Amino acid sequence: MRDILLFTMEEHIPEDVGLELSRAKKRGVLLVVSGPSGVGKDSVMLELLAKYPKMQKLVTTNSRPKREEEQDGFDYHFVSREEFEKLIAEEAFFEWVEYRGHYRGGQKRHVQEALDSGKDVIWRIDVRGVMNIRAKVKEMFPHSAFVMLAVSDPDILKKRMEERASETQADLEWSVDMAMWEQRQWHHFDFVVHNEENKLDETVSAVANIVEATRMKVVV
């Protein structure tokens, strides 16, 4: 069993411990946020970005044409299909998918560059994506945290989806079933945080505390 030394405020902290604490405070953390549809991933991410200037979202790469209102490097890194396929061959991505004829994915170097600058990076990704990338991310970035946002009552998800009013009844039922399946994949995550109705501030605080704990984590 490893010995654990505890230091009181009055005791002198050894120099090597002090140096590690100093380094840890400057360390960037990769926060991967996921969860079922309707759980509030975007709301939580936007609130984190607004409250914590050290945090920035991971801008993923997309091969589709840029829309007029979009900004390259902010909404996505836009590249041609040929450029994207070249990046695939170079193993530049943690994961990538093809959706409606266009590629999209998260590049390793974009995460590394942000973390090297001392930023905390928020990556919003779907549950299946987490299942695909978790091992690779943990190997490359040990100071990373995978957080599933969840709800205690499935009816909350159904209510939120109904409020979107963008699906037929059959599609809505399928989406609810899929959301329940996604929430049952909690064991692929480091933490599960409930995002209940009218408690966004509590959810955001809980996730921010996870980031700070991960920053100070001892990796051996």
### Task
Among the residues of the range 198-220, count how many are under 13 Å from Ala150 (Cβ atoms) and either touching a residue at least 24 places away in the same chain (Cβ under 8 Å) or assigned to a loop (DSSP other than H, G, I, E, B) (or both).
3
### Message
Checking Pro154 against (1) modelled with pLDDT of 90 or more; (2) surrounded by 13 or more Cβ atoms within 10 Å (Cβ to Cβ), only one condition comes out false. Which one?
### Response
(1)
#### Entry: Residue tally, condition part of a helix (DSSP H, G or I) and either of a type outside the set (Asp, Glu) or without any contact (Cβ under 8 Å) to a residue 60 or more places away in the chain (or both), over the range 175-197
11
### Query
Is there any pair with a first residue in the range 67-93 that is closer than 20 Å to Ala114 by Cβ and in the same structural domain as Arg109 (by TED's automatic domain parsing) and a second that is hydrophobic (A, V, I, L, M, F, W, C) and in a loop (DSSP other than H, G, I, E, B) whose Cβ atoms are under 7 Å apart and which are 6 or more apart or on different chains, and what are they?
Gly73/Val59; Phe74/Val59; Tyr76/Val59; His77/Val59
### Task
Tell me, please, whether a residue that is within 16 Å of the chain's Cα centre (by Cα) and within 12 Å of Val33 (Cα to Cα) can be found in the range 97-108.
no
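Kindly evaluate Asp116 against the criterion of being within 22 Å of the chain's Cα centre (by Cα), closer than 24 Å to Tyr76 by Cβ, in contact (Cβ under 8 Å) with a residue 12 or more places away in the chain and loosely packed, with under 12 Cβ neighbours inside 10 Å. Full working, then the answer.
Details: within 22 Å of the chain's Cα centre (by Cα): yes; closer than 24 Å to Tyr76 by Cβ: yes; in contact (Cβ under 8 Å) with a residue 12 or more places away in the chain: yes; loosely packed, with under 12 Cβ neighbours inside 10 Å: yes.
So Asp116 fits the description; yes.
Considering only the range 77-151, give the strands (runs of 3 or more DSSP E) lying wholly within it that have at least 3 residues that are of a type in the set (Gly, Ala, Ser).
Details: elements: 93-99, 102-107, 120-124, 144-150.
Fully inside the range 77-151 and qualifying: 144-150.
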### Query
Can you tell me how many residues in the range 23-70 are in a loop (DSSP other than H, G, I, E, B) and either under 30 Å from Glu83 (Cα atoms) or out of contact with any Lys or Arg (no Cβ under 9 Å at 6 or more places or on another chain) (or both)?
16
### Message
With among the hydrophobic types (A, V, I, L, M, F, W, C) and either closer than 30 Å to Asp201 by Cβ or modelled with pLDDT of 95 or more (or both) as the only criterion, which of Met9, Met45 stands out?
### Response
Met45
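The values are calculated or read from the model by the stated rules, or taken from the named source; none is laboratory data. Owing to the predicted nature of the structure, the values given are computational and were not obtained by experimental measurement. Cβ atoms come from the backbone with ideal geometry, glycine included; neighbour counts cover every protein chain shown.
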